[in-house]
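K.L.:
The structure is given below, and queries will be raised subsequently.
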Amino acid sequence: MRIDRLLEEKQTLSFEVFPPKPEMDVDLAGIRRTLSNLKAANPDFVSVTYGAGGNNRPRAIDIADMAISLGMTPLSHLTAVGYAKEEVSAVIGALTDTGVENILALRGDKPLDSDERDCWRGFRRASELAGFVRYSGDFCIGGAAYPEGHQESVSPEEDIEFMMEKVRMGVSFFITQLFFDNAAFAEFAGRCLASGLRTPVIAGIMPVLRAGQIRRIIEISGCGVPDALDALLDRYADDDDSMRDAGMDYAAGQISDLWKNGVAGIHIYTMNKSAEVLEILRRSDIGRGAVPDDHKG
């Protein structure tokens, strides 16, 4: 199912999963269990990412195939960084053969130990990659959005300009980087509308399950931390169980508020933690139906 068509019909719920690390890549039984568990929430699609710099990309294709076999709609990540056009064409061909209809076209992050020539061998921007995908097959193409601004952007206005360029190159929906402040998302959505951008924007939500992990993610992403969340991270810095419970409540509150206010969709960065994600949905009130008790976190 094409995601752009789903978004024309309803608010969507979706999840992101990732392949196992190469050193743990004996089989995909664990990720199959994760997908099977997440299917209980009846997601509209699942996105399949891979490691930094394209690490484990072939497994991402295997997981997309697995999602299809489980009756789920995959959204396959495709990054520009480190790949020539011929290599991207090969991946697009493999995705086509697998039956994938949806691709998330991303620039990708430049590895710290690489130079410019190694990074940008075929495309320098996500919009260029989106245009290449557009003319390489019949895909629904998604793009990334940054409610609090991309770290390399000079202004919020420039971020919107980049989004509009992606739309011109074939992007029909966006998924945001994680954020913890719904007010920041509302301001961003207002800027989009004021600029004439009407392309659906799906909100990306990262559950707060461990204080140390989230502190590191915040440092890398540069996203803001509301006072209420900052207080939780301090209070439960050394209490993982309490942090997990409070973090699930926080994510459920974010999701409920966004859903009530008409967001195009919710995309949960699951970190392959299916039990916790299902519990978050149980605590929210987005009207997706009951999650079976045997999946309770």
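K.L.:
Give the relative contact order (percent, whole number) for the chain; include only Cα pairs under 8 Å separated by 6+ residues.
P.N.:
Values: 513 pairs, mean separation 58.1, N = 297.
Here the relative contact order equals 20 percent.
K.L.:
In Å and from the alpha-carbon atoms only, list the Rg and Dmax of region 3-289.
P.N.:
In order Rg, Dmax, the Cα atoms of region 3-289 give 18.2, 51 Å.
K.L.:
Provide the packing ranking of 135-148, 231-244, 158-171, i.e. peptides ordered by the mean count of other C-beta atoms within 10 Å per residue, highest first.
P.N.:
Numbers: 135-148: 20.7, 231-244: 14.7, 158-171: 18.9.
Ranked by mean Cβ neighbours within 10 Å, highest first: 135-148, 158-171, 231-244.
K.L.:
Checking the table K10/K166; K85/K260; K166/K260; K39/K260 against a 31 Å threshold on Cα-Cα, which pairs fail?
P.N.:
Details: K10/K166 23 Å; K85/K260 42 Å; K166/K260 28 Å; K39/K260 23 Å.
Correct reply: K85/K260.
K.L.:
Peptides 84-90, 270-276: what's the order by average Cβ count within 10 Å, highest mean first? Write down the numbers at each step before the final one.
P.N.:
Numbers: 84-90: 14.0, 270-276: 19.6.
Output ranking for 84-90, 270-276: 270-276, 84-90.
K.L.:
Related question: Report the relative contact order of region 159-231, percent, no decimals, based on alpha-carbon pairs under 8 angstrom and at least 6 residues apart. The partial results should precede the final answer.
P.N.:
Working: 51 pairs, mean separation 29.2, N = 73.
The value is 40 percent.
K.L.:
List, largest first, the extents of the alpha carbons of region 121-208 along their principal axes, each in whole Å.
P.N.:
Here the spans come out as 38, 28, 26 Å, largest first.
Every number in this text was worked out from the coordinates using simple rules, so none of it is lab data. Only a predicted model underlies this, so the values are computations on that prediction, with no experimental measurement involved. A quick note on method: Cβ atoms are made from the backbone with ideal geometry, for glycine too, and the neighbour counts reach across all protein chains shown.
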